[in-house]
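Worksheet for the structure shown next.
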Amino acid sequence: MLSDGKLTTPHVSNSDSISEIQLSLRDLFKSFFASLPDDSLEESTVSLIKTHRNNLLRILGENVVIKEIDLNALDVYSKKRQKDNGRRKGRISANTIKKELVTLRRILQWGKKRGKLSSEIPEIRDVQLPKSTERPSFQTFDEITVQIEQDNLTQEQQDNLWECLYLGTDEIDQLIQHVREKASHTFLYPMVIAAAHTGARRSELMRSQLTDIKDDVIVIREKKRRRGQESTRRVPMSTLLKETFHEWKSEHPGGKYTFAVKDTSNRKQTKTARAITRDEAHSSFKRVLKDSKWSVIPGWHCLRHSFISNLASHSIDQRLIDEFVGHTTEEMRRRYRHLFPEVKQAAIWSVFH
């Protein structure tokens with residue numbers, strides 16, 4: 001009557017209000033995962049979101065409801081989380097905590113767009129995070145070895161340095177030869193060369209198909225450039241990569257995927273093959289490096305870093321690097337920008353003769 005029959009504020013029924021008050025973070029995550037279309041996210045991305053979910057529920061509370069998640073709760077989360085042990089018993093970084101909170105915000109936004117909640121979502125930038133440090137620049141095997149020998153570094157500090165490792169072209173050649181001699185899986189040798197000579201991510205190599213190998217280029221299928229849409233980039237193939245793919249095709253177990261193994265779970269007599277899994281790619285890579293000088297390599301991503309760093313050290317145009325490897329952040333560019341010696345020297349000489 002006071003508004004002359006006009007609705008001046010959004011109507012919220014008692015059932016809706018009660019539903020939102022009782023909506024738990026666990027149930028919201030459950031709804032999110034249930035709604036995901038097949039192959040819409042990388043397997044590694046889904047696994048990371050689940051890890052973030054577990055940490056959020058562990059600290060915020062197993063039965064925490066959405067209404068309780070305000071800025072004060074996130075401040076408490078940040079303070080408690082930084083006391084946890086990280087990888088190799090190191091401290092949790094501000095970057096890790098921020099990534100977990102970003103995941104939380106995205107899940108809350110997902111729920112809000114679908115009418116599951118109407119409360120205000122806290123801004124991550126307002127959360128009190130521990131002081132962060134910029135990640136070190138990429139360094140050579142010898143540079144890291146010298147630091148470890150000269151400084152009294154903890155195991156955690158040494159491991160952090162090896163995370164910054166990039167291999168020079170000669171070292172990549174040595175690594176490739178080592179893999180060829182020691183690999184127990186036939187897919188590993190061509191896959192390592194593909195990673196080292198194209199900068200492709202492990203997930204991109206896993207979804208690669210034989211039809212992606214053209215005359216002089218390989219088409220890389222990526223998912224990260226456009227949200228929810230698979231895109232591609234084309235990378236010229238080195239002579240070694242072309243020759244290796246030619247040899248690999250004669251040994252290929254079959255199927256459409258470039259890097260495949262025989263499906264031993266299939267009880268039928270027909271010969272079938274399947275794409276390798278993330279765990280198979282990781283374990284086979286680490287196994288072939290074990291008990292060698294290359295055992296310090298943290299994982300497949302080192303080969304991507306090495307590809308980018310070697311291009312940078314030869315003063316290849318940044319636009320070409322981005323075209324070859326896909327999206328790179330400004331933070332990532334800063335980590336290998338010091339490898340442009342000729343460009344930097346020319347810049348100084350152009351001003352100071």
Of the listed pairs Lys98/Lys293; Lys242/Lys293; Lys30/Lys83; Lys249/Lys286; Lys79/Lys286, which have alpha-carbon separations greater than 31 Å here? Lys98/Lys293; Lys79/Lys286
Can you give the accessible area of His282, probe radius 1.4 Å, in Å² rounded to 10? 80 Å²
Sticking to Cα atoms, compute the Rg of the chain to one decimal and its Dmax as the biggest Cα-Cα distance, whole number, in Å. 24.7, 86
Run down the aspartates and glutamates and flag those whose C-alpha is under 18 Å from the C-alpha of Lys214, throwing out any fewer than 8 positions away in its chain. Glu204, Glu222, Glu243, Glu247, Glu323
Not counting ligands, DNA or RNA, and with a 1.4 Å probe, what is Tyr166's accessible surface area in Å² rounded to the nearest 10? 20 Å²
Protection-proxy order for peptides 24-37, 141-154, each taking the mean of Cβ atoms within 10 Å per residue, highest first: 24-37, 141-154
Spelling out what I want: for every residue of the stretch 110-115, take phi, set θ = phi - 60°, compute 6.51 cos²θ - 1.76 cosθ + 1.60 (Karplus), and round to whole Hz; glycine and proline get x. 4, x, 5, 5, 9, x
Rounded if a/c is under 1.5, else prolate if a/b is larger than b/c, else oblate: which is the stretch 96-145, with a ≥ b ≥ c the root eigenvalues of its Cα gyration tensor? prolate
Partner aspartates and glutamates for Lys256 [C-alpha distance under 14 Å; skip if fewer than 8 residues away on the same chain]: Asp212
Enumerate the amide H contacts of Ile218 below 5 Å, restricted to partners 5 or more residues apart or on another chain; note that Pro and chain-start residues carry no placed amide H. Val235, Met237
Counting Lys +1, Arg +1, Asp -1, Glu -1, what net charge surrounds Phe141 among other residues with beta carbon under 12 Å of its beta carbon? -3
Sulfur and carbon atoms: percent of accessible area, the chain [1.4 Å]: 48 percent
Hey, can you find the accessible area per residue of the chain for me, probe 1.4 Å, expressed in square angstrom? 61 Å²
For Leu320 and Arg333, compute 0.36 nm times the residue count separating them, minus their Cα-Cα distance, and round to one decimal in nm. 3.4 nm
Going by the alpha-carbon gyration tensor, a ≥ b ≥ c the square roots of its eigenvalues, is the stretch 46-180 rounded (a/c under 1.5) or, if a/c is not under 1.5, prolate (a/b greater than b/c) versus oblate? prolate
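The values are calculated or read from the model by the stated rules, or taken from the named source; none is laboratory data. Just so it is clear, the model here is predicted, and its values are computed rather than measured. Neighbour counts run over all protein chains shown; Cβ positions are idealised from the backbone, glycine included. With ligands, DNA and RNA removed, areas are computed over all heavy atoms of the protein, side chains included. Shrake-Rupley method; radii C 1.70, N 1.55, O 1.52, S 1.80 Å.
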